[in-house]
Amino acid sequence: MTNKQVAGYLKQTASLIELTGGNPFRGRAFDRAARTLERLETPVADLLAEGTLTDVPGIGGGLAGQIRDLLESGTFDLLDELLSAVPPGLLDALRVKGLGAKKVRRLWKELGVTTLDELEEAAAVGRLAGLDGFGEKSQENVLANVRLLRAYQRRRRYADAFLRAEPLLETIRALPAVARAEAAGDLRRKLETLGEVDLVVAAEDLQAARTALQGALDLADGAADRLDGALPDGLPLRLFLATPARFGTALWRRTGSDAHRAAFEAAYGAPADYADEAQVYESAGLPFIEPELREGDGELEAAAEGTLPALLTLADLRGSLHNHSTYSDGAHSLRQMAECARSMGLAYFGICDHSRSLQVAGGLSVERVRQQQQEIQRLNRAFADDGSPPFRIFSGIESDILADGALDYPDDVLASFDFVVASIHTRFNMSRAQATERVLRAVANPYTAILGHPTGRLLLAREGYPLDHEAVIAACAEHGVALELNAHPYRLDLDWRWIRKATGQGVLISINPDAHALDQLAYVRWGVAVARKGWLTAAQCLNAKPLDAFTEWLGRRKM
């Protein structure tokens, strides 16, 4: 069990204590411990084995014992007692945005709400508005957020679905009856969220393959050429069977969007049966169209005209920008983060810890900014002297965009950074006009180099604030500001659907991991995946620039 998973159980315990009317100080103790463990570098299991877990601030003997039970059995006595004290369906209500444990307790005790269905019904018929502290607007928000949660529950983030489907594919490929197996559908096209996982399986003996697959994966018969099941997390799974001679066409048919397939067949007719998917396009006189592009958005015309882009690859990236360290809310030191980036073969690393107004994330005071910049200078001298390929740390900041669109810090401090990523982290409840004006003012600030996670969305958790994307893109083009595609698998923000609009106006895209720990530097893989859906090339990606070219770009901005 990872530290994050342990922290999740402690957070649940804190919520249950409040939900059951328990001691609030005890609940806060569990919550503080959870936050501490999330940022802890050493695995909790190792600390337990060494007998040093109680050296961690906020972890006493009792809590250490509960964590030991959790690691050994997956639960502990207090958690079991709390779970048995509340209706099981009440936990779903805790997941509704805007409803904390205190409000859910009132809904339970005063309205008898014990399930998500009952909560939705109570909001729909107007029962919530009569409770103190709710009102008509709160009731509308609860109803909307319940329905949003239901929609979210039916989908999975791309990274989560990919990481669950990958080992499944390996299992399928290892079956003697299977000749080949590949991902298809939304997974292969790398959509940011998926409602199901589609796989195409080739076998000479389809009945033998069907029997083997059903035995290995607990699948049920679907259509004549299909088996149905689910991933361990409940996401629907569909396996389509084809002989090797028909595999290419089957894979093509199960990969492209409805719009892509319809446009192809309208122009070139339904494809014959081919073993290799590339033959489908060759038969129409077209070059191969990458799966990510098959959305019915002009890719067939570009293929016919010979203007398909050479899509960005992970290997094209030369630097990693927008990363955090222990100076703010990161789990690893600046040196550790930079050395990890260097070990990945990158030539530069941008540190962008949080600015001072975001106190909850340990935002940097002006004094801490100066300390970090001095450390950067020392590290850069050490990197320059060690005989390895050139590598440089750039001093950046993730400056909060304040409510009026100003950046966090006075101009003299902003001028001391090599670059500034400007991002919104607070006051999301804005109209489209308010949000757009706030962002436009930040983009117009001469110190802004990159607009960070432009809509603030969290996939399947929070909708982004409404934004006039066309106005923001035009402003970025006017002021030479790059747009971030935040590669965190929960964000993938900028939405890929706006990339072509931005690059068409000369706006560079910066694919940033927003890494708060060493392993998160690899998040760029998810950003590259969806950037390809936006037709992004290496020339259009800011951090695909070599070190000298990136340094020159920064220099031009300061002229």
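The values are calculated or read from the model by the stated rules, or taken from the named source; none is laboratory data. Because the structure is a prediction, the values reported are computed rather than measured. Cβ sites come from the backbone with ideal geometry, for glycine too, and all protein chains shown count toward neighbours. We work out accessible area using only protein heavy atoms, side chains counted, and drop any ligands, DNA or RNA first. Shrake-Rupley method; radii C 1.70, N 1.55, O 1.52, S 1.80 Å.
I'd like the full set of residues that are small (Gly, Ala, Ser) and either open to solvent by less than 30 Å² (accessible area, probe 1.4 Å) or not in a helix (DSSP H, G or I) (or both), limited to the range 520-559. 527, 529, 531, 534, 544, listed by residue number. Of the numbered criteria (1) open to solvent by 10 Å² or more (accessible area, probe 1.4 Å); (2) in contact with a His (Cβ under 7 Å, 6 or more places away or on another chain); (3) free of Cβ contacts under 8 Å to residues at least 60 places away in the same chain, the one residue 328 fails is (1). When the residues of the range 376-393 are filtered to those that are of a type outside the set (Lys, Arg) and part of a helix (DSSP H, G or I), the one that is surrounded by the fewest Cβ atoms within 10 Å (Cβ to Cβ) is 385. Restricting 50, 41 to those that are closer than 29 Å to residue 330 by Cβ, open to solvent by 20 Å² or more (accessible area, probe 1.4 Å), in contact (Cβ under 8 Å) with a residue 40 or more places away in the chain and charged (D, E, K, R) reduces the list to 41. Taking the range 113-144 as the range and being surrounded by fewer than 17 Cβ atoms within 10 Å (Cβ to Cβ) and in a loop (DSSP other than H, G, I, E, B) as the test, the residues that pass are 115, 125, 126, 129, 130, 131, 132, 133.
Just one of the numbered conditions (1) within 13 Å of residue 200 (Cα to Cα); (2) open to solvent by less than 40 Å² (accessible area, probe 1.4 Å) is not true of residue 269: (1). Scanning the range 463-490 for residues that are within 11 Å of residue 512 (Cα to Cα) and free of Cβ contacts under 8 Å to residues at least 60 places away in the same chain returns 483, 485, 487, 488. Taking the criterion of being touching a residue at least 24 places away in the same chain (Cβ under 8 Å) and open to solvent by 50 Å² or more (accessible area, probe 1.4 Å), the only residue of the range 408-422 that qualifies is 411.
Got a sec? Which of 396, 363, 350, 405 is of a type in the set (Gly, Ala, Ser) and open to solvent by 10 Å² or more (accessible area, probe 1.4 Å)?
Values: 396 fails: open to solvent by 10 Å² or more (accessible area, probe 1.4 Å); 350 fails: open to solvent by 10 Å² or more (accessible area, probe 1.4 Å); 405 fails: open to solvent by 10 Å² or more (accessible area, probe 1.4 Å).
None of the others qualify; the one that does is 363.
If the condition is being aliphatic (A, V, I, L, M), within 28 Å of the chain's Cα centre (by Cα) and farther than 30 Å from residue 32 by Cα, then the range 351-395 contributes only 393.
Per-residue answers, yes or no, for (1) under 29 Å from residue 6 (Cβ atoms); (2) surrounded by 15 or more Cβ atoms within 10 Å (Cβ to Cβ); (3) hydrophobic (A, V, I, L, M, F, W, C):
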| site | (1), (2), (3) |
| --- | --- |
| 55 | yes, no, no |
| 76 | yes, yes, yes |
| 94 | yes, yes, yes |
| 101 | yes, yes, yes |
| 108 | yes, yes, yes |
| 111 | no, yes, yes |
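From the list 47, 10, 63, 70, exactly one residue is within 30 Å of residue 141 (Cβ to Cβ) and either part of a helix (DSSP H, G or I) or in contact with an Asp or Glu (Cβ under 7 Å, 6 or more places away or on another chain) (or both). Which is it? It would help to see each step written out before you state the result.
Working: 47 fails: within 30 Å of residue 141 (Cβ to Cβ); 63 fails: within 30 Å of residue 141 (Cβ to Cβ); 70 fails: within 30 Å of residue 141 (Cβ to Cβ).
Selected residue: 10, the only one of 47, 10, 63, 70 that is within 30 Å of residue 141 (Cβ to Cβ) and either part of a helix (DSSP H, G or I) or in contact with an Asp or Glu (Cβ under 7 Å, 6 or more places away or on another chain) (or both).
Given the structure, is residue 425 outside any helix (DSSP H, G or I), open to solvent by less than 10 Å² (accessible area, probe 1.4 Å), touching a residue at least 60 places away in the same chain (Cβ under 8 Å) and of a type outside the set (Lys, Arg)?
no
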